[in-house]
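Below is one structure; the comments refer to it alone.
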Amino acid sequence: MALELRIVDVHAREILDSRGNPTVEAEITVERENGEARYVGRAAVPSGASTGRFEAVELRDGETRYFGLGVTKAVHNVNGKIREALLGLNALDQGLIDRILIEQDGTENKGNLGANATLGVSMACARASAQALGLPLYRYLGGAYTRLLPVPMMNILNGGRHADNTVDFQEFMIMPVQAESFADGLRICAEIYHNLKKICQDRGLSTGVGDEGGFAPSLPDAFAVLDLIMEAVKAAGYTPGQDIKMALDVAASELYDEADGVYHFPGETQLKRGRQQVEGSQVTECYEAGADYAKADSDGEITRSAEEMVAYYEELVERYPIISIEDGLAEDDWDGWQMMTGKLGDKIQLVGDDLFVTNTKRLDAGIKLHVANAILVKVNQIGTVSEAMEAVEMAQKNGYKAVISHRSGETEDPFIADLAVAVNAGQIKTGAPCRSDRVAKYNQLLRIEEELGSVACYKEPFNKI
């Protein structure tokens, strides 16, 4: 007889995420057939600030409490409809559980129950099952052949929607591609991070951090930011392009204006107009570096067309050891994405986040159009563990890489660390080595690597680019 873990309770509560905003925490209680042992799986749902238009719905209350961001409606859905639908079912049948959640919601975007409700339950179910079987979560999700530790795509300087500064691109990341192990790579990144802090301090730049723990000084443009990071890499004793490669998350959908069809750069515009004081005196010399890849209107506003954006990236890739660009163009600019993929797709990784939103239908469209060559996987973009894993599977079967990612609004739950190993993704985005909500994921990966021992594998993820 097959083992059965009967679901005997489903419960959710409202907790706070790393930005102090409400989110959903769910618990699933399971019981063995004889009723002698019970196990509880708990999971907390992350939340994004820079969100794609096609993401699954994050159900919010819209009332006065918490400025309308409360999640009591989603919690009520878990404690009511979802609980009634799942009681008595076998928690080991993750696919069935997730299908029931999808059917109970009944919409394409989880707009009824809320993806924050379905995801919390889905993750908690997986964790309860793993605990009951005495398996680590990554082994339960991935099976016997889970051994690849992800290379951290570590965000050390924040901009865009993740920081209150003049940097228009959202994330500037480093990747320790030549490290001997995950632990070694994490150490290298942390050393560079602390060197970057010292350089910022020496230049009178802000060392306050953004939502994902990266520093958030006001700088003129991407050239100035990357020059600063290059200096930090060298100061830490490493060689850019050899020990460390760089990655960008442009979050171009946040810059794009459908009304005029171009990308607006408010940070560059502010500095160009002289309306905001730049911290420190040395950074202003870098401003003109990107002038050839932009135009200003009569008011001096800096904008770029899709063609100019791609030309900008080509210059950045030529000048710096950039190996990955995420969301370089807007989520619905399919023609632009085709152009960018044609020019850069054989040189670097082009990651679709807002473009694909962890959705197999959008990913399938991208594959058929030869758009991008990697997908960013955020479990709350789609709303169940099964759907997220299906997106990874589709990507890998079609030669696309998968990057497992956190959200800017995170919790202490390290679920995505286990997921990254379970699907042998080879890459993870989970912020700077700062703030416990980010470090929790890194620390979990250290534990997993230690547990795997000699079986653990850590390798360069871009050997086919």
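Some values worked out for this structure:
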{"read-out": "Accessible area, probe 1.4 Å, largest first, for residues Thr64, Thr23, Thr360", "value": "Thr64, Thr360, Thr23"}
{"read-out": "1.4 Å probe accessible area per residue over the chain, in Å²", "value": "38 Å²"}
{"read-out": "Degrees, to the nearest 10: 115-133 long Cα axis against longest axis of the chain", "value": "60 degrees"}
{"read-out": "Using θ = phi - 60° and Karplus 6.51 cos²θ - 1.76 cosθ + 1.60, couplings along the stretch 319-326 (whole Hz; Gly, Pro as x)", "value": "8, 10, x, 7, 10, 8, 10, 9"}
{"read-out": "Packing rank of 244-251, 134-141, 121-128, where each peptide gets the mean count of other beta carbons within 10 Å, highest leading", "value": "121-128, 244-251, 134-141"}
{"read-out": "Amide H within-cut-off set for Glu326, under 5 Å, with H built and near neighbours excluded", "value": "Leu248, Asp249, Val250, Val351"}
{"read-out": "Calculated on alpha-carbon atoms, Rg and Dmax of the chain in Å", "value": "22.1, 76"}
{"read-out": "Backbone HN-Hα couplings from phi across the stretch 373-388 [Karplus 6.51/-1.76/1.60, Hz, Gly and Pro as x]", "value": "9, 7, 10, 8, 10, 10, 4, 7, 6, 10, x, 9, 5, 4, 5, 5"}
{"read-out": "Within the stretch 116-148, backbone nitrogen closer than 13 Å to the virtual label 7 Å beyond the Cα of Arg447 toward Cβ", "value": "131, 135-139"}
{"read-out": "For the stretch 340-431, convex hull of alpha carbons as volume per residue, Å³", "value": "95 Å³"}
{"read-out": "Modelled label reach - Asn112, point 7 Å along Cα→Cβ, the stretch 65-85 residues with backbone N closer than 12 Å", "value": "81-82"}
{"read-out": "Share of carbon and sulfur in the accessible heavy-atom surface of the stretch 324-393 [1.4 Å probe, %]", "value": "49 percent"}
{"read-out": "Exposure ranking of Glu449, Glu231 by accessible area [1.4 Å probe, largest first]", "value": "Glu231, Glu449"}
{"read-out": "Accessible-area ranking of Ser454, Ser253, largest first, probe 1.4 Å", "value": "Ser454, Ser253"}
{"read-out": "Dipole-positive endmost among Leu255, Ile244, Ile367 within the chain (Cβ charges, Cα centre)", "value": "Ile244"}
{"read-out": "Partner lysines for Lys368 [C-alpha distance under 19 Å; skip if fewer than 8 residues away on the same chain]", "value": "Lys343, Lys397, Lys401"}
{"read-out": "Amide H partners (placed H, <5 Å) of Leu5, local residues excluded", "value": "Ala91, Leu92"}
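The values are calculated or read from the model by the stated rules, or taken from the named source; none is laboratory data. Owing to the predicted nature of the structure, the values given are computational and were not obtained by experimental measurement. Because the Cβ atoms are built from the backbone with ideal geometry, glycine has one as well, and the counts that use them run over all protein chains shown. Just the protein is used for accessible areas: all its heavy atoms, side chains included, with ligands, DNA and RNA removed. Shrake-Rupley method; radii C 1.70, N 1.55, O 1.52, S 1.80 Å.
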